[in-house]
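Peer 1: Sending over a structure as structure tokens; questions will come in a sec.
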Amino acid sequence: MSAPGCAAATVGAEDAVSADAADARSVLVGSHPPHRRRGPAPVDLGWADRSPDTLEIAGLTPMSTCDWPGRLVATVFLQGCPWRCTYCHNQAILDPRTPGVLPWSDVTALLARRHGLLDGVVFSGGEPTRQAALADACRAVRDAGFLVGLHTSGAYPNRLAAVLPYVDWVGFDVKAPARLYREITRVGGATTTADAAFTSLRLLLDTAAARPLDGPPLDVQVRTTVDPTVLTPADVADLTAVLAGIGVEDHVLQEARPDGTTTEYRHALAAVRAREAAR
């Protein structure tokens, strides 16, 4: 997931200092830790239950206070994303052919040591629903006694549906009004990515509403990174109205940041902000 919130900003960087020094690290994308697998990761063309051991994990933040509002979590970054969003600053973890940098056993070992300290685990990316083992990983985290959070842009509606039964909170990225989606995601046809995203969002809202009152809720926060190279204030207002109309109650606007983005985007963003400052 490429929105510039806490998750995107902390891939490969420690979010908290722990007395357990072996745990308090995040694996740098592009570094060479001892668990790095050789050869390209297989591109998953289907969706089936798989062992969490097959996850391609690009990074791990052992303790975060900002990846799930109000919760103290570990954040697992999964490799690969089908979109190429303008403002993405997780460029190193977009390619689905790139192998992971640490094994699932590192996550389970961390959780075994953090009972009573962590509320849960957030799966981020990249686009975590791309990986077929995500549902079983979420189930394993739940079975270990932790809550499960998910960052997603909704690129795969059917895969999202398979994961939601094991999720307690979703941070959902909505990029733009539907007519402008491709200008942000830069892949697919004129409405391909918008269709997927809004299908996923409706699915998510319906699933949350259908959770039984005597069971665990499914909480949803919708976030939009405001890319001023694409979106005007009027576009943002239109999007906010659309989201309210389909039942979104928690919509957070985030500022696009240049950190970790492409040189082209950094220049474009700087130019827009220079023009704004000159007004």
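Results for (1) surrounded by fewer than 11 Cβ atoms within 10 Å (Cβ to Cβ); (2) in contact with a helix residue (DSSP H, G or I) (Cβ under 7 Å, 6 or more places away or on another chain); (3) not β-branched (Val, Ile, Thr), shown as yes or no for each residue.
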{"residue": "Pro212", "(1), (2), (3)": "yes, no, yes"}
{"residue": "Gly215", "(1), (2), (3)": "yes, no, yes"}
{"residue": "Thr229", "(1), (2), (3)": "no, yes, no"}
{"residue": "Val236", "(1), (2), (3)": "no, no, no"}
{"residue": "Gly247", "(1), (2), (3)": "no, yes, yes"}
{"residue": "Glu255", "(1), (2), (3)": "yes, no, yes"}
{"residue": "Arg273", "(1), (2), (3)": "no, no, yes"}
{"residue": "Glu276", "(1), (2), (3)": "yes, no, yes"}
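Peer 1: Would you please name the residue that is surrounded by the fewest Cβ atoms within 10 Å (Cβ to Cβ), looking only at residues in the range 93-125 that are over 11 Å from Gly59 (Cα atoms) and of a type in the set (S, T, N, Q)?
Peer 2: Looking at the filtered set, the residue picked out is Ser105.
Peer 1: Turning to a different aspect of this structure: Quick check on Val222: is it closer than 28 Å to Thr261 by Cα, in contact with a His (Cβ under 6 Å, 6 or more places away or on another chain), among the aliphatic types (A, V, I, L, M) and in contact (Cβ under 8 Å) with a residue 40 or more places away in the chain?
Peer 2: Yes: the conditions hold for Val222.
Peer 1: The conditions are (1) free of Cβ contacts under 8 Å to residues at least 60 places away in the same chain; (2) farther than 18 Å from Asp219 by Cα; (3) in contact with a Ser or Thr (Cβ under 9 Å, 6 or more places away or on another chain); (4) crowded, with 18+ Cβ neighbours inside 10 Å, and Leu180 fails exactly one of them. Which is it?
Peer 2: Leu180 satisfies all of (1) free of Cβ contacts under 8 Å to residues at least 60 places away in the same chain; (2) farther than 18 Å from Asp219 by Cα; (3) in contact with a Ser or Thr (Cβ under 9 Å, 6 or more places away or on another chain); (4) crowded, with 18+ Cβ neighbours inside 10 Å except (3).
Peer 1: Can you pull out the residues in the range 151-160 that are surrounded by 18 or more Cβ atoms within 10 Å (Cβ to Cβ) and in a helix (DSSP H, G or I)?
Peer 2: Listed by number, the residues that qualify are Pro157, Arg159, Leu160.
A quick yes/no check of all residues on (1) touching a Phe, Trp or Tyr at 6+ places or on another chain (Cβ under 8 Å); (2) closer than 30 Å to Thr229 by Cα; (3) crowded, with 22+ Cβ neighbours inside 10 Å; (4) modelled with pLDDT under 95:
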position: Ala58; (1), (2), (3), (4): yes, yes, yes, no
position: Trp68; (1), (2), (3), (4): yes, yes, yes, no
position: Trp83; (1), (2), (3), (4): no, yes, yes, no
position: Gln91; (1), (2), (3), (4): no, yes, no, yes
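Peer 1: Any residue in the range 151-173 that's more than 13 Å from Leu218 (Cα to Cα): show its pairings with residues that are among the hydroxyl-bearing types (Ser, Thr, Tyr) and at pLDDT below 95 at Cβ separation under 9 Å, as long as the two are six or more apart or on different chains.
Peer 2: Within 9 Å, the pairs are Ser153/Ser2; Asp173/Ser2.
To keep it simple, each residue is scored yes or no on (1) in a helix (DSSP H, G or I); (2) under 18 Å from the mean Cα position of the chain (by Cα); (3) within 30 Å of His267 (Cα to Cα).
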position: Phe77; (1), (2), (3): no, yes, yes
position: Arg84; (1), (2), (3): no, yes, yes
position: Thr98; (1), (2), (3): no, yes, yes
position: Asp106; (1), (2), (3): yes, no, no
position: Ala109; (1), (2), (3): yes, no, no
position: Gly116; (1), (2), (3): no, no, no
position: Val122; (1), (2), (3): no, yes, no
position: Ala132; (1), (2), (3): no, yes, no
position: Asp136; (1), (2), (3): yes, yes, no
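The values are calculated or read from the model by the stated rules, or taken from the named source; none is laboratory data. Bear in mind that the values here come from a model prediction, so they are computed numbers and not experimental data. Using ideal geometry, Cβ is built from the backbone for each residue, glycine included, and neighbour counts are taken over all protein chains shown.
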